[in-house]
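Student: Dropping the structure in here first, questions after.
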Amino acid sequence: MVFISYNQLSKLEKAALTEAENTLKNAYVPYSHFNVAACLYTADGQLIAGANCENASYGLVTCAERSAIVRANAMGIRKFMGMAIITKGDSFDTTEPTAPCGSCRQMLFELSQLSNYDLKITMSNTKKDKIMVASISELLPYAFGPKDLNIDINRYQN
Ligand code: THU
């Protein structure tokens, strides 16, 4: 995990972060008041964003990262370079970037297997003046995945 400045992001990473930032307004967060948006990006610049979606039955919350992943799946896109994540508290300071939760890391690991790439995760605070970067293998070392089940996911690699 490293901290970098906004200027050090690639054009693609900046585009993904901007798309995530634009998606923050769609977070449905009446309970936590914690807005999260995430945006996957492909090598050729496709951007697929998601926002967190909460529910009165608290346990049903869908994180922004997983919402982007299932959206991409429904679009038939499964090969990515990375994801940008941005967070914003409604009424409290979010000066620190936020790393994806454990469930999202597991889903991102599966996507990294499909992508044949160690996905790069860019995590930004609201002001984009504090940005962390880590690969999914750094965020989820010794991950459990399709190989452990001797499963070949090759036919899903589009
Ligand atoms: N949340 C995400 O969207 N992504 C994460 O990786 C961490 C948590 C959301 C879920 C819930 O809506 C709010 O943040 C507080 O947990």
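Student: Considering only C-alpha atoms, what is the centroid distance from region 61-109 to region 121-158, in Å?
Tutor: 10
Student: Spelling out what I want: for every residue of region 96-103, take phi, set θ = phi - 60°, compute 6.51 cos²θ - 1.76 cosθ + 1.60 (Karplus), and round to whole Hz; glycine and proline get x.
Tutor: Calculated HN-Hα couplings, in order: 9, x, 10, 8, x, 5, x, 5 Hz.
Student: Also: What would the Debye equation give as log₁₀ I(q)/I(0) for region 96-156 at q = 0.15, 0.23, 0.30 Å⁻¹, counting only Cα atoms as equal point scatterers?
Tutor: One equal scatterer on each Cα of region 96-156 leads to -0.49, -0.92, -1.28.
Student: With equal scatterers on the alpha carbons only and no solvent term, can you work out the Debye log10 of I(q)/I(0) for the chain at 0.14, 0.17 1/Å?
Tutor: After summing over all Cα pairs, the log10 values are -0.65, -0.96.
Student: Counting helices only, and only those DSSP H runs with n ≥ 4, report the 222 nm mean residue ellipticity of the chain as the sum of -39,500 (n - 2.57) divided by its residues, in deg cm²/dmol to the nearest 500.
Tutor: Helices in the chain give a 222 nm mean residue ellipticity of -8000 deg cm²/dmol.
Student: Would you mind working out the accessible area per residue for the chain, using a 1.4 Å probe, and quoting it in Å²?
Tutor: Ligands and nucleic acids excluded, the result is 53 Å² per residue.
Student: Please label the shape of region 4-76 as rounded, prolate or oblate, based on the square roots a ≥ b ≥ c of the eigenvalues of the alpha-carbon gyration tensor (a/c under 1.5 means rounded; beyond that, a/b larger than b/c means prolate, else oblate).
Tutor: Oblate is the answer for region 4-76, as a/c is 1.5 or above yet b/c matches or exceeds a/b.
Student: GNM on the chain, C-alpha springs below 10 Å: top fluctuator among L140, L12, L24?
Tutor: L140
Student: Between 0 and 90 degrees, rounded to the nearest ten: what's the tilt of helix 11-23 against the longest Cα principal axis of the chain?
Tutor: Compared with the principal axis, the helix lies near 60 degrees.
Student: Towards the positive end of the charge dipole of region 1-80, with charges on Cβ (+1 Lys, Arg; -1 Asp, Glu), say which of N55, C39, A74 has the farthest Cα.
Tutor: The residue sitting most towards the positive pole is A74.
Student: Right, something else. Report the FRET efficiency, 1/(1 + (r/R0)^6), for Q157 and N7, where r is their Cβ-Cβ distance and R0 is 35 Å, rounded to 0.05.
Tutor: 0.55
Student: Sticking with this one: Residue-wise, which Karplus ³J(HN,Hα) couplings in Hz belong to region 40-48, taking 6.51 cos²θ - 1.76 cosθ + 1.60, θ = phi - 60°, and x for glycine or proline?
Tutor: Working through the residues one at a time gives 7, 9, 9, 4, 9, x, 6, 10, 10 Hz.
Student: Considering lysine pairs in region 6-95 that are 8 or more places apart or on different chains, how many have Cα atoms under 22 Å apart?
Tutor: Counting lysine pairs in region 6-95 gives 5.
Student: Got a sec to turn the phi values of region 138-146 into Karplus ³J(HN,Hα) couplings, 6.51 cos²θ - 1.76 cosθ + 1.60 with θ = phi - 60°, whole Hz, x for Gly and Pro?
Tutor: Each residue of region 138-146 in turn: 6, 6, 9, x, 6, 5, 8, x, x Hz.
The values are calculated or read from the model by the stated rules, or taken from the named source; none is laboratory data. Here the structure is a predicted model, which means the values were calculated and not measured. Neighbour counts are summed over all protein chains in view; Cβ atoms, including those assigned to glycine, are modelled from backbone coordinates with ideal geometry. Remember, those area values only see protein heavy atoms, side chains included, never the ligands or the DNA or RNA. Shrake-Rupley method; radii C 1.70, N 1.55, O 1.52, S 1.80 Å.
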